[in-house]
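The values are calculated or read from the model by the stated rules, or taken from the named source; none is laboratory data. On a predicted model such as this, the values are computed, not experimentally measured, just so you know. Neighbour counts run over all protein chains shown; Cβ positions are idealised from the backbone, glycine included. Just the protein is used for accessible areas: all its heavy atoms, side chains included, with ligands, DNA and RNA removed. Shrake-Rupley method; radii C 1.70, N 1.55, O 1.52, S 1.80 Å.
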Amino acid sequence: MNTVTVNASKTYDIRIGSSLLSTLGQEAAKLGKAQKVCIVSESNVFPLYGNIAENSLKGAGFQVTSFVFPGGEQSKNGGTYLELLNHLAESKLGRSDLIVALGGGVVGDMAGFAAATYLRGIRFIQIPTTLLAAVDSSVGGKTAIDLPAGKNLAGAFCQPSLVLCDIDTLNTLPESIFLDGCAEVIKYGILYDPELFSYLETTGPDFDRKKVITRCVELKRNVVVEDEFDTGARMKLNLGHTIGHGVEARSNFELSHGKSVAIGMAIVSRASNCPDTGRILLILQKFGLPDTIDYPIEDIYAYTLSDKKRSGSTVSLIIPRAIGDCAIVPTPVETLKSFIQAGL
Ligand SMILES: NC(=O)c1ccc[n+]([C@@H]2O[C@H](COP(=O)([O-])OP(=O)(O)OC[C@H]3O[C@@H](n4cnc5c(N)ncnc54)[C@H](O)[C@@H]3O)[C@@H](O)[C@H]2O)c1
């Protein structure tokens, strides 16, 4: 097992390894004070792993309740959130009790936002079960739900008390969802780590999961510690995301997030004439990820402009200068269209 410690506004450990789910009870007990635990999960994940989590918690003496909602992004809304808060209140969870988020990014965001707001904040444990959640959403304390006007529009910064990343849970992930997470893994290589990038070039998707997840978590931890509240360095994590979000929204969310980010990374690499563009396109191909899309430029431009990261007349794009070296470049909206066109 590897441990990465995050020293943000709260200090906590992220454990990465095999068979960690069955240690949940003893790990939760080490956090102290809690008597009740609510497992928050969803309809695809709970049948696979709910029992192990529940038995481990009961074995450690906790009273356990669970809240399971239908899997998928469409559940990450205000209705599910209020149902969850009501469940916590009816189950009489107190301020010293615990929430466990068992699932991918949707569960982590929902459970985390409930933990941030129920009784003005209670502690929670993240158990990420997708690659994306393991390397990204479970690290750093961003929590949110979607509103009808857009994704992640209501949320809070709230660090977990512990993250248990049991890599065995990734074995049941459908391949396409695993590959979506790989887009984020490749992103860390382009942003910060030429060695990680070279390693991934040799392995493709068959990489050593413990080693690569640990490295990605360390890299994200470093950024979160430097810029917990996302006002500077953390923006770099948006590599491929600004234009990727435009593509994802244009597809009416039929194109997955990971594939959209892959296309976004390829577009900014080509448009900025990054000397490593060839390597970036090749690695995307090796991981079965797309590097372009056949949508009209006007559409991609319009959807990219509606991204919430726009500030006034500029959009901050993350531009690769080389593998391991990227810059935040405020781009005037007037030049954005020709920039995207150059990268398609
Ligand atoms: N908070 C953050 O910092 C942050 C960062 C990135 C993304 N996000 C959010 O994360 C969400 C996307 O996360 P995701 O890609 O994990 O999506 P997800 O949670 O919807 O999981 C993807 C799919 O995999 C299934 N699944 C999950 N774990 C499984 C397992 N072990 N075995 C079999 N099936 C499994 C789910 O049921 C779902 O169908 C989005 O809502 C996004 O906004 C948050």
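A few comments on the model shown:
- Residue count for the range 70-94 satisfying the condition of being open to solvent by 70 Å² or more (accessible area, probe 1.4 Å) and away from the ligand (no atom under 14 Å from the Cβ): 5.
- Within the range 30-53, residues that are more than 15 Å from residue 125 (Cβ to Cβ) and hydroxyl-bearing (Ser, Thr, Tyr) reach partners that are surrounded by 13 or more Cβ atoms within 10 Å (Cβ to Cβ) and modelled with pLDDT of 95 or more with beta carbons closer than 8 Å, at six or more positions or on different chains, in the pairs 43/68; 43/69; 43/71.
- Screening the range 154-248 for helices (runs of 4 or more DSSP H) wholly inside it with 2 or more residues that are within 10 Å of the ligand (Cβ to nearest atom) returns the ranges 175-192, 209-226.
- Failed criterion for residue 106 (all others in (1) open to solvent by 10 Å² or more (accessible area, probe 1.4 Å); (2) within 11 Å of the ligand (Cβ to nearest atom); (3) touching a strand residue (DSSP E or B) at 6+ places or on another chain (Cβ under 9 Å); (4) more than 18 Å from residue 50 (Cβ to Cβ) hold): (4)
- Residue 318 being in contact with an Asp or Glu (Cβ under 9 Å, 6 or more places away or on another chain) and either among the polar types (S, T, N, Q) or buried (at least 21 other Cβ atoms within 10 Å of the Cβ) (or both): no
- Residue 295 open to solvent by 30 Å² or more (accessible area, probe 1.4 Å) and assigned to a loop (DSSP other than H, G, I, E, B): yes
- Residue 29 falls short on exactly one of the conditions (1) surrounded by 20 or more Cβ atoms within 10 Å (Cβ to Cβ); (2) in a helix (DSSP H, G or I), and that condition is (1).
- Residues considered: 117, 23, 11. Of these, the only one that is of a type in the set (Ser, Thr, Tyr) and free of Cβ contacts under 8 Å to residues at least 24 places away in the same chain is 11.
- Candidates 19, 9, filtered to the one that is open to solvent by 20 Å² or more (accessible area, probe 1.4 Å), within 15 Å of the ligand (Cβ to nearest atom), within 30 Å of residue 222 (Cα to Cα) and not in a helix (DSSP H, G or I): 19
- Matching residues, the range 32-55, being open to solvent by 20 Å² or more (accessible area, probe 1.4 Å) and either among the polar types (S, T, N, Q) or touching a Cys at 6+ places or on another chain (Cβ under 6 Å) (or both): 35, 43, 44, 51, 55
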